[in-house]
1. From the list LEU375, LEU318, LEU328, which residue is among the aliphatic types (A, V, I, L, M) and within 25 Å of SER86 (Cα to Cα)?
2. May I ask you to list pairs of residues, at least six apart or on different chains, whose Cβ atoms are under 8 Å apart, with the first in the range 133-147 being within 15 Å of THR159 (Cβ to Cβ) and modelled with pLDDT of 90 or more and the second being among the charged types (D, E, K, R) and surrounded by fewer than 22 Cβ atoms within 10 Å (Cβ to Cβ)?
3. Any chance the range 86-96 includes a residue that's among the β-branched types (Val, Ile, Thr), in a loop (DSSP other than H, G, I, E, B), touching a Leu at 6+ places or on another chain (Cβ under 9 Å) and at pLDDT below 95?
4. Residues being in a strand (DSSP E or B) and either over 25 Å from the mean Cα position of the chain (by Cα) or buried (at least 16 other Cβ atoms within 10 Å of the Cβ) (or both): count how many of those fall in the range 373-385.
5. Would you mention how many residues in the range 274-297 are in contact (Cβ under 8 Å) with a residue 60 or more places away in the chain and either touching a helix residue (DSSP H, G or I) at 6+ places or on another chain (Cβ under 6 Å) or buried (at least 23 other Cβ atoms within 10 Å of the Cβ) (or both)?
6. With the condition kept exactly as written, say whether any residue in the range 405-414 is in a strand (DSSP E or B), open to solvent by less than 20 Å² (accessible area, probe 1.4 Å), β-branched (Val, Ile, Thr) and over 30 Å from GLY289 (Cα atoms).
7. Take THR396 and tell me if it is farther than 29 Å from ALA95 by Cβ, assigned to a strand (DSSP E or B) and among the polar types (S, T, N, Q).
Amino acid sequence: MSALLVAGTTSDAGKTIVTTALCRAFARRGVSVAPFKAQNMSNNSMVCADGAEIGRAQWVQAVAAGVEPEAAMNPVLLKPGGDRRSHVVVMGRPAGTLDSRDFVGGRTHLRDAAYAAFDELRSRHDVVVVEGAGSPAEINLRAGDYVNMGLARHGDVPTVVVGDIDRGGVFAAMFGTVALLSAADQALVAGFVVNKFRGDLDLLRPGLDELRSLTGREVYGVLPWHPGLWLDSEDALDLEGRRAEEAEARLRVAVVRLPRISNFTDVDALGIEPGVDVTFASEARALAGADLVVLPGTRATLEDLAWLRARGLDRAVLAHAAAGRPVLGICGGFQMLGTRICDPDGIEGEAGADVPGLGLLDVTTTFGAAKVLRLPTGTALAAPAHGYEIHHGRTTRHGGEEFLGGARSGAVLGTMWHGSLEGDELRRAVLREAAAAAGAAYEPATVSFAEQRERRLDLLGDLAEEHLDVDALLDLATSGAPAGLPALAPGASR
């Protein structure tokens, strides 16, 4: 069967956007298409129906493709637990840790798992659209690469390189990306896609023509910058909040931007509500005046709690709660709101750690090796609720009310359920309570998160149809890279 690799000149160049757009566009043509990313390094993950954990971006790409998300779509997931260590998930299940010293030579077993998943997935679908990671021209890592050109070479997969023109220097980045590759890798790079273009396309065409001439490769289109083009992201590079128009802003939500924030898409659903202004806060003063403060999930609860205290954000959260204003903690953020957090086995850091929490909820958390992965359902605030759990910690409630696998005490809410705010009725109930506590005259609009996501995916498909040569890209995926693509120096000499 067929495949296409979407590589990028840098991280956040638009690989996720282009991959998702092609999944939707190909599916519209009746093609059986599946997304794939050999290795994802992200703390933003999702639980599939079979209990497997994969990167959130691949889960959304599967939705765009109209197929059931599964472990094979993201066989290796690395979840950074610090600057030098990542927790490893293989085929949706915990598989130990990976140290930075093992990054080049200690991943053979991960490569084998990724290749096996790709081969099996490709055997079941007409086309697999592969998202690369970072840049394929990280020449210091090429020997152990199985995500970009390593995978392309394994499966003889034609490749397109995406560049973000909004960053500047896109032509140099595209040419340089190809030139740094070996001749064998270059032979699979068929062309380019420009992302986030603003302005008059006629002004860009001379550069596109020269890029074609210099590289002997096609430019498959130019995607425009679009204000409505945001998706569930896989990393925290683009955390800018979801801002309401100043005249419409009636309820302000401040999300604490923890250094190791995870599953930050939990608050995306708040951003679709008209009149709700969602911002990310790293300073105590940024919480002042917020109607609702959210402590999100984190991959390193103890370290991020220490960071919170070092910046005085703990005092700001306590003052907010003391004023009767709502606080919502999700997963790791919920654990911080408790009385104690214990790590006897060193799951997150030093073994034997026993740290006091913020004391706003009468719960205690103990970390253990076993990981909880499930899709719970229930009710809260008289509304139906659903979500997903991904955590090592076991949290015990000693007092207060039960709330979505967590606890509630007055206006302080804590839950272990990610994604619960995607439930329209529950989200509105939380916002009503926040507004009432703030004395704000706010009634949430009737907005469907699921419909909003579908509209964003359809917008992606529409933009792909209008601005990319979708037929040529589908033909590239099925026919392979053209023969005789010219080699560019200096990488071609290798």
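The values are calculated or read from the model by the stated rules, or taken from the named source; none is laboratory data. Bear in mind the structure is a predicted one, so any value in this text is a computation, not a measurement. All Cβ positions, even for glycine, are placed from backbone atoms using ideal geometry, and neighbour counts span all protein chains on display. Protein only, heavy atoms only, side chains kept; ligands, DNA and RNA dropped before computing areas. Shrake-Rupley method; radii C 1.70, N 1.55, O 1.52, S 1.80 Å.
1. Details: LEU318 fails: within 25 Å of SER86 (Cα to Cα); LEU328 fails: within 25 Å of SER86 (Cα to Cα).
Of the residues listed, the single one that is among the aliphatic types (A, V, I, L, M) and within 25 Å of SER86 (Cα to Cα) is LEU375.
2. Note: pairs meeting the criteria are ASP145/GLU138; TYR146/ARG107; TYR146/ARG111.
3. Residues of the range 86-96 that are among the β-branched types (Val, Ile, Thr), as a first pass: 88-90.
Retained after the next criterion (residues that are in a loop (DSSP other than H, G, I, E, B)): none.
No, the conditions are met nowhere in the range 86-96.
4. Looking only at the range 373-385, we keep the residues that are in a strand (DSSP E or B), and these are 373-374, 377-380, 383-385.
Subset that is either over 25 Å from the mean Cα position of the chain (by Cα) or buried (at least 16 other Cβ atoms within 10 Å of the Cβ) (or both): 373, 378-380, 383-385.
Looking only at that region, the number is 7.
5. First, the residues of the range 274-297 that are in contact (Cβ under 8 Å) with a residue 60 or more places away in the chain: 274-276, 291-292, 297.
Retained after the next criterion (residues that are either touching a helix residue (DSSP H, G or I) at 6+ places or on another chain (Cβ under 6 Å) or buried (at least 23 other Cβ atoms within 10 Å of the Cβ) (or both)): 276, 291-292, 297.
So the count comes out to 4.
6. Of the residues in the range 405-414, the ones in a strand (DSSP E or B) are 406-409, 412-414.
Going one step further and asking which of them are open to solvent by less than 20 Å² (accessible area, probe 1.4 Å), we end up with 406-407, 412-414.
Subsequent filtering for residues that are β-branched (Val, Ile, Thr) retains 412.
In the following step, the residues that additionally are over 30 Å from GLY289 (Cα atoms) were identified as none.
No, because not a single residue in the range 405-414 is in a strand (DSSP E or B), open to solvent by less than 20 Å² (accessible area, probe 1.4 Å), β-branched (Val, Ile, Thr) and over 30 Å from GLY289 (Cα atoms).
7. Numbers: farther than 29 Å from ALA95 by Cβ: no; assigned to a strand (DSSP E or B): yes; among the polar types (S, T, N, Q): yes.
Answer is no for this residue.
Residue-wise test of (1) of a type outside the set (Val, Ile, Thr); (2) in a loop (DSSP other than H, G, I, E, B); (3) surrounded by fewer than 18 Cβ atoms within 10 Å (Cβ to Cβ).
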| position | (1), (2), (3) |
| --- | --- |
| GLU433 | yes, no, yes |
| ALA440 | yes, yes, yes |
| ARG453 | yes, no, no |
| LEU476 | yes, no, no |
| LEU488 | yes, yes, no |
